[in-house]
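A.B. asks: Structure below; questions to follow.
The values are calculated or read from the model by the stated rules, or taken from the named source; none is laboratory data. These numbers come from a predicted model, not from an experiment. Positions of Cβ are backbone-derived with ideal geometry, glycine not excepted, and every protein chain shown enters the neighbour counts.
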Amino acid sequence: MSIQYLTTVYRYKKQYSYHTIFMITGFLLYGMLGWIMEILWTGLHSLLKKDYSLMGQTSLWMFPIYGTAVFLEPLFLFLADVPPVVRGGIYMICIYMAEYASGWGLQRVAGVCPWDYSESKYHVNGLIRLDYAPVWFAVGLFFESIFYHFLY
């Protein structure tokens, strides 16, 4: 084994470990932010039902679902020069796909899904709500700003 080979392997392992740490950090941050947003959203949504306790709720399943936003980070970098309205639209589509896939997967694996949008006029199989498009648009741009301000 040559010194050059060992140096290359060391650099690769060092780079890999940094990348892993950043991925884990991003996963934890997006998961926590998702939980916070979900609790705020459901708490404020209770006002529509005239429930002034403003009780917010979420599910433990939601942490890893929101945490997977870490996989949007390469997209954040790739779309850096694209206008915000286009970036937000692309993020929104990605979030819808993740929401549908995770809801469908949880129904198949665990037999439950933490959300059921069947009561909504604009639902797709009870797993996504098309009228939430502006929310997911904003969440995508919010996660992008978190990435650039704290993780990049």
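A.B. asks: For residues in segment 42-84 being without any contact (Cβ under 8 Å) to a residue 60 or more places away in the chain and of a type in the set (F, W, Y), which is farthest from Y152 (Cα to Cα)?
C.D. replies: If we take residues in segment 42-84 being without any contact (Cβ under 8 Å) to a residue 60 or more places away in the chain and of a type in the set (F, W, Y), then Y52 is farthest from Y152 (Cα to Cα).
A.B. asks: Here are some conditions: (1) over 17 Å from D116 (Cα atoms); (2) part of a loop (DSSP other than H, G, I, E, B); (3) of a type outside the set (A, V, I, L, M, F, W, C). S59 meets all but one. Which one does it not meet?
C.D. replies: (1)
A.B. asks: Can I ask one more? Within segment 48-66, is there a residue that is over 24 Å from F22 (Cα atoms) and crowded, with 16+ Cβ neighbours inside 10 Å?
C.D. replies: Yes: segment 48-66 contains one or more residues that are over 24 Å from F22 (Cα atoms) and crowded, with 16+ Cβ neighbours inside 10 Å.
Yes or no, residue by residue, for (1) out of contact with any strand residue (DSSP E or B) (no Cβ under 6 Å at 6 or more places or on another chain); (2) among the hydrophobic types (A, V, I, L, M, F, W, C); (3) within 18 Å of G31 (Cβ to Cβ):
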{"residue": "L77", "(1), (2), (3)": "yes, yes, no"}
{"residue": "P84", "(1), (2), (3)": "yes, no, no"}
{"residue": "G88", "(1), (2), (3)": "yes, no, no"}
{"residue": "I93", "(1), (2), (3)": "yes, yes, no"}
{"residue": "R108", "(1), (2), (3)": "yes, no, no"}
{"residue": "N125", "(1), (2), (3)": "yes, no, no"}
{"residue": "I128", "(1), (2), (3)": "yes, yes, no"}
{"residue": "A133", "(1), (2), (3)": "yes, yes, no"}
{"residue": "F143", "(1), (2), (3)": "yes, yes, yes"}
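A.B. asks: Looking at E119, E144, E99, which is the one that is out of contact with any Ser or Thr (no Cβ under 8 Å at 6 or more places or on another chain), under 18 Å from L60 (Cα atoms) and of a type in the set (D, E, K, R)?
C.D. replies: Just one listed residue meets the conditions, E99.
A.B. asks: Looking at (1) at positive phi; (2) part of a helix (DSSP H, G or I), which is the only condition A133 fails?
C.D. replies: (1)
Yes/no matrix, rows are residues, columns are (1) surrounded by 11 or more Cβ atoms within 10 Å (Cβ to Cβ); (2) of a type in the set (S, T, N, Q); (3) assigned to a helix (DSSP H, G or I); (4) under 13 Å from the mean Cα position of the chain (by Cα):
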residue: Y91; (1), (2), (3), (4): yes, no, yes, yes
residue: A98; (1), (2), (3), (4): yes, no, yes, yes
residue: R108; (1), (2), (3), (4): no, no, yes, no
residue: P114; (1), (2), (3), (4): yes, no, no, no
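Quick grid of which residues meet (1) closer than 22 Å to V124 by Cβ; (2) surrounded by 10 or more Cβ atoms within 10 Å (Cβ to Cβ); (3) at pLDDT 95 or above:
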position	(1), (2), (3)
T7	no, yes, no
K14	no, yes, no
Y30	no, yes, yes
I36	no, yes, yes
P74	no, no, no
L77	no, yes, no
P83	no, no, yes
